[in-house]
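Input: a single structure, listed below in structure tokens.
The values are calculated or read from the model by the stated rules, or taken from the named source; none is laboratory data. Predicted model, so just to flag it, every value in this text is computed and none were measured. Note: ideal-geometry Cβ built from the backbone for every residue, glycine included; neighbour counts use all protein chains shown.
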Amino acid sequence: MKLRCSLLSHNYFTRIYYVLLFFLIFTSCCKNSNGFNAEEVERLVNEGDIAFRRGHSAESRAVLHFDSLGLYSHIGIVVLADSVYKIIHCVPGESPGDSIRMDNIGEFFAEDRAGAGAIARLPNRAGHAFLAARYAHSKYREVILFDHDYDLDDTTRMYCSELVWKAYLHTGIDITARSRTIVEGVPLMSGTYIMPSDIYANKELNIIYQF
């Protein structure tokens with residue numbers, strides 16, 4: 001009887017061990033070391049959702065320094081392309097000629113590009129979100145280049161926050177709620193900008209995912 005109980009106990013803990021091992025292997029396949037879970041996000045997102053990330057590059061650190069909240073250094077917009085959700089964004093140094101990019105969600109939030117991130121949605125604006133995504137897609141097809149001058153009046157080039165702002169402005173919504181970041185007294189950097197936080201701080205946005 002004792003032998004039987006011992007065997008049953010051994011089999012029970014063996015099964016638990018393998019269940020836990022499977023769980024650890026499965027979750028490690030889905031989740032990056034930065035905590036991002038691509039499969040979960042792909043189930044949650046819709047067109048027009050706004051993707052934020054905090055990068056590791058020198059450019060990212062500069063944005064974080066001048067950004068009032070300093071949470072995220074980069075931003076993009078979710079689109080549906082060939083039945084797959086992707087993120088369109090303007091970023092220097094990741095494309096030939098610094099042209100606008102369209103990346104898989106996992107690429108956008110890859111651990112070598114993102115130390116943290118979030119997905120935000122403007123509720124009850126599905127129609128506007130769809131049109132904003134279509135606008136971003138049209139700019140991708142036009143091969144818009146990154147705006148190294150960060151000039152909001154230049155319609156031929158764009159930087160990341162500008163693209164998202166203009167995509168929603170095209171639908172009649174100012175996603176920044178008129179928020180601007182003013183940099184003064186800094187050589188070559190003084191001016192008025194739209195930073196990621198100028199969009200993130202919009203009180204109407206709902207955060208649907210964060211890591």
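A compact table of results
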{"quantity": "Complete set of residues in the range 106-129 that are farther than 12 Å from Asn46 by Cα and of a type in the set (A, V, I, L, M)", "calculated": "Ala110, Ala114, Ala116, Ala118"}
{"quantity": "Filtered residue count, the range 23-39, keeping only those that are at pLDDT 85 or above and within 14 Å of the chain's Cα centre (by Cα)", "calculated": "3"}
{"quantity": "Condition check for Ser161: touching a His at 6+ places or on another chain (Cβ under 9 Å) and either modelled with pLDDT of 95 or more or under 20 Å from Asp67 (Cα atoms) (or both)", "calculated": "yes"}
{"quantity": "Unmet criterion (only one of (1) of a type outside the set (A, V, I, L, M, F, W, C); (2) in a loop (DSSP other than H, G, I, E, B); (3) farther than 26 Å from Phe130 by Cβ) for Thr192", "calculated": "(2)"}
{"quantity": "Hey, Ile175 under 16 Å from the mean Cα position of the chain (by Cα), aliphatic (A, V, I, L, M) and outside any loop (DSSP other than H, G, I, E, B) or not", "calculated": "no"}
{"quantity": "Residues that are part of a helix (DSSP H, G or I) and either modelled with pLDDT of 95 or more or crowded, with 21+ Cβ neighbours inside 10 Å (or both), drawn from the range 44-62", "calculated": "Leu44"}
{"quantity": "Hits in the range 171-185 - residues which are in contact (Cβ under 8 Å) with a residue 40 or more places away in the chain, among the hydrophobic types (A, V, I, L, M, F, W, C) and more than 24 Å from Val41 (Cβ to Cβ)", "calculated": "Val183"}
{"quantity": "Residue in the range 82-91 that is free of Cβ contacts under 8 Å to residues at least 12 places away in the same chain and part of a loop (DSSP other than H, G, I, E, B) present", "calculated": "yes"}
{"quantity": "Within the range 106-132, considering residues that are surrounded by fewer than 22 Cβ atoms within 10 Å (Cβ to Cβ) and part of a helix (DSSP H, G or I), the one farthest from the chain's Cα centre (by Cα)", "calculated": "Gly127"}
{"quantity": "Selection count, the range 63-81, where residues are over 24 Å from Ala38 (Cα atoms) and either assigned to a strand (DSSP E or B) or free of Cβ contacts under 8 Å to residues at least 24 places away in the same chain (or both)", "calculated": "2"}
{"quantity": "Qualifying residue in the range 200-208 (condition: among the β-branched types (Val, Ile, Thr), over 16 Å from the mean Cα position of the chain (by Cα) and not in a helix (DSSP H, G or I))", "calculated": "no"}
{"quantity": "Whichever residue in the range 183-194 is at pLDDT below 95 and hydrophobic (A, V, I, L, M, F, W, C) and, among such residues, is surrounded by the fewest Cβ atoms within 10 Å (Cβ to Cβ)", "calculated": "Leu188"}
{"quantity": "Scope the range 140-165; condition crowded, with 17+ Cβ neighbours inside 10 Å and part of a helix (DSSP H, G or I); matching residues", "calculated": "Tyr140, Cys160, Ser161, Glu162, Leu163, Val164, Trp165"}
{"quantity": "Of all residues making up the range 186-211, the number that are under 14 Å from Leu122 (Cα atoms) and either among the polar types (S, T, N, Q) or free of Cβ contacts under 8 Å to residues at least 12 places away in the same chain (or both)", "calculated": "2"}
